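Below you'll find the structure, written out as structure tokens, and then a few comments.
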Ligand SMILES: N[C@@H](CCC(=O)N[C@@H](CS)C(=O)NCC(=O)O)C(=O)O
């Protein structure tokens, strides 16, 4: 099994956290997004979307989409579970994760930022856009946790919500988003940073970290 990723990719970061929480470590291959290595036809043959991550199996199967990979892993190795057994709580965790994975991260993804650059936006405008859409997503996330008491997003153990939150906070820091309006999210990020699985998955700990 090979995890195709990049140290700074937040979607690959989610998958690294998930594997580490299950005490598994797949082999990894890095595709430098900055130099466009993920656009290479050999990688496009694996993932027609030309995005990381992708999980390649020895028998030729390939899984794409971080949430699909994490769901597959969670069903294969049920403990620790990434989703609560209670169906209402599970839907809340999924809604939180999807707020990040579907409605926040895609708006600040590299190819979107590159489109803005190609349309003549200055670097300041591009970074401002990224910071704005991240702030918008984090505002929603903070509100979704209004009634939660921690230490993780939805209770005493990390779930899919935390797996998505931590890399998105990483992106927020990269784009210099002011995190003071999101005290719950910052506290959860700090709690996760105490866990070995989250530490092992951090971008600067990856072999391809620049
Ligand atoms: N929804 C996809 C998103 C994957 C994605 O956007 N990956 C980014 C890195 S975080 C990427 O490969 N970007 C390359 C580009 O935008 O050209 C997933 O969750 O796997």
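Assorted remarks:
- Summed over region 55-105, the residues that are more than 19 Å from residue 142 (Cα to Cα) and within 16 Å of the ligand (Cβ to nearest atom) give a count of 16.
- Odd one out for residue 133, checked against (1) surrounded by 14 or more Cβ atoms within 10 Å (Cβ to Cβ); (2) out of contact with any helix residue (DSSP H, G or I) (no Cβ under 7 Å at 6 or more places or on another chain); (3) in a helix (DSSP H, G or I): (2)
- Unique residue being within 24 Å of residue 172 (Cα to Cα) and buried (at least 20 other Cβ atoms within 10 Å of the Cβ) when the list is 33, 55, 3: 33
- Taken over region 58-73, residues that are under 25 Å from residue 152 (Cα atoms) and surrounded by fewer than 19 Cβ atoms within 10 Å (Cβ to Cβ) amount to 4.
- Selection status of residue 38, touching a residue at least 12 places away in the same chain (Cβ under 8 Å), within 11 Å of the ligand (Cβ to nearest atom), out of contact with any strand residue (DSSP E or B) (no Cβ under 8 Å at 6 or more places or on another chain) and farther than 21 Å from residue 159 by Cα: yes
Quick note: the coordinates plus some simple rules give every number you see, no bench work behind them. Source: prediction; values computed, not measured. Backbone-built Cβ (ideal geometry, glycine too); neighbour counts: all protein chains shown.
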